[in-house]
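Since the structure comes first, as structure tokens, the remarks are kept for the end.
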Amino acid sequence: MTKTLYIIHGWTYSTEPWAKTIKLLNDKYHIKVEMLNVPGLTDPSKKIWNIKEYVKWADSLIPDGAIALGHSNGGRILMNLLVKKSQKLSHLILLDAAGVYEPSRKRDILKKLSRILSPLKQIRPLRKILHKIIGASDYERAPENMKKTLSNMLESDKDLDYTKIEVKTDILWGEMDKITPVRQAKKLHAGIKGSRIKIFPNWTHAPYIADPEGLARAISQVLKDKNSEKTLFSRSSRELPY
């Protein structure tokens, strides 16, 4: 029987980079993919969004009992949805997900540095250099409403209690991820009871670009595991038989 997988992508303005992974899931693994276009990103919107509005949006599009994958910000949205409606999904897949709050003195320093150096942004050759220095390219390149939306998303992480997630959860992560480091995957694994985790040494934050074949295979394997509901999985990040 063909399974349907709902995907909420991360902070991107195009789903085209997902095309190869989706084609492999459809053609090779017979998994139907429903990619949801996120308002303000792949679905144009001029409003400022908050996490409650994104949760309501996701709840309206994903049927009860569905299987859903959230990448980066998409994972943040799905976790917040499950905290509100614990049985909304039958299976959650977190792919290099955002949502783990980490107080960061470095982030505060970088924000101040960005304000101090903001006049340099008017000098085109220096703009990319500044973005690289402050590590805030997503923020700097976003339209004004989405800058505020991104700030809302980061702020919402303070209130996300992912230990309340009760559904079957698989955590897939890249060891080379510099955006959401692997330590965050381990925090999610420790906090979500019964969750499974697999860390891939060659994956970055965007495995659908770095390794679409490996990502499609990993998704297929977690979906075909018929006994996962009945097993309390090992907390080790390297003992799963993928």
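The values are calculated or read from the model by the stated rules, or taken from the named source; none is laboratory data. Note that the structure is predicted; figures quoted are calculated from it, not measured. Because the Cβ atoms are built from the backbone with ideal geometry, glycine has one as well, and the counts that use them run over all protein chains shown.
Filter region 179-216 down to residues that are among the charged types (D, E, K, R), crowded, with 18+ Cβ neighbours inside 10 Å and outside any strand (DSSP E or B), then give me how many there are.
Summing the residues that are among the charged types (D, E, K, R), crowded, with 18+ Cβ neighbours inside 10 Å and outside any strand (DSSP E or B) in region 179-216 gives 1.
Among the listed residues 54, 139, identify the single one that is modelled with pLDDT under 95, among the aromatic types (Phe, Trp, Tyr), in a helix (DSSP H, G or I) and closer than 21 Å to residue 10 by Cβ.
139
Cβ-Cβ under 6 Å, sequence separation 6+ or interchain: first residue in region 145-160 and over 16 Å from residue 45 (Cβ atoms), partner of a type in the set (Ser, Thr, Tyr). Which pairs?
Sorted first by the residue in region 145-160, then by its partner, the pairs are 157/101; 158/101.
Given the condition closer than 15 Å to residue 74 by Cα and at pLDDT below 95, answer yes or no: does some residue in region 191-209 qualify?
For region 191-209, residues closer than 15 Å to residue 74 by Cα and at pLDDT below 95: absent.
So residue 49 passes all but one of these: (1) hydrophobic (A, V, I, L, M, F, W, C); (2) outside any loop (DSSP other than H, G, I, E, B); (3) surrounded by 15 or more Cβ atoms within 10 Å (Cβ to Cβ). Which condition number does it fail?
If we test residue 49 against (1) hydrophobic (A, V, I, L, M, F, W, C); (2) outside any loop (DSSP other than H, G, I, E, B); (3) surrounded by 15 or more Cβ atoms within 10 Å (Cβ to Cβ), just (2) comes out false.
Can you name the residue in region 1-33 that is within 16 Å of the chain's Cα centre (by Cα) and not in a loop (DSSP other than H, G, I, E, B) and, of all such residues, is surrounded by the most Cβ atoms within 10 Å (Cβ to Cβ)?
8
Restricting attention to region 84-103, does a residue exist that is modelled with pLDDT under 95, of a type outside the set (S, T, N, Q) and surrounded by fewer than 13 Cβ atoms within 10 Å (Cβ to Cβ)?
So far as region 84-103 goes, yes, one or more of its residues are modelled with pLDDT under 95, of a type outside the set (S, T, N, Q) and surrounded by fewer than 13 Cβ atoms within 10 Å (Cβ to Cβ).
Taking only region 43-65 into account, find how many residues are among the polar types (S, T, N, Q) and more than 25 Å from residue 169 (Cβ to Cβ).
The qualifying residues number 1.
For the structure I just gave you, tell me whether residue 50 is at negative phi, touching a Ser or Thr at 6+ places or on another chain (Cβ under 8 Å) and of a type in the set (S, T, N, Q).
So residue 50 passes the test.
Say whether the condition of being closer than 18 Å to residue 92 by Cα, at pLDDT below 95 and either buried (at least 20 other Cβ atoms within 10 Å of the Cβ) or among the aromatic types (Phe, Trp, Tyr) (or both) is met by at least one residue in region 153-171.
Checked against the condition, which is being closer than 18 Å to residue 92 by Cα, at pLDDT below 95 and either buried (at least 20 other Cβ atoms within 10 Å of the Cβ) or among the aromatic types (Phe, Trp, Tyr) (or both), region 153-171 yields no hits at all.
Name the single residue that is surrounded by the most Cβ atoms within 10 Å (Cβ to Cβ) among those in region 137-152 being hydrophobic (A, V, I, L, M, F, W, C) and farther than 17 Å from residue 100 by Cα.
146
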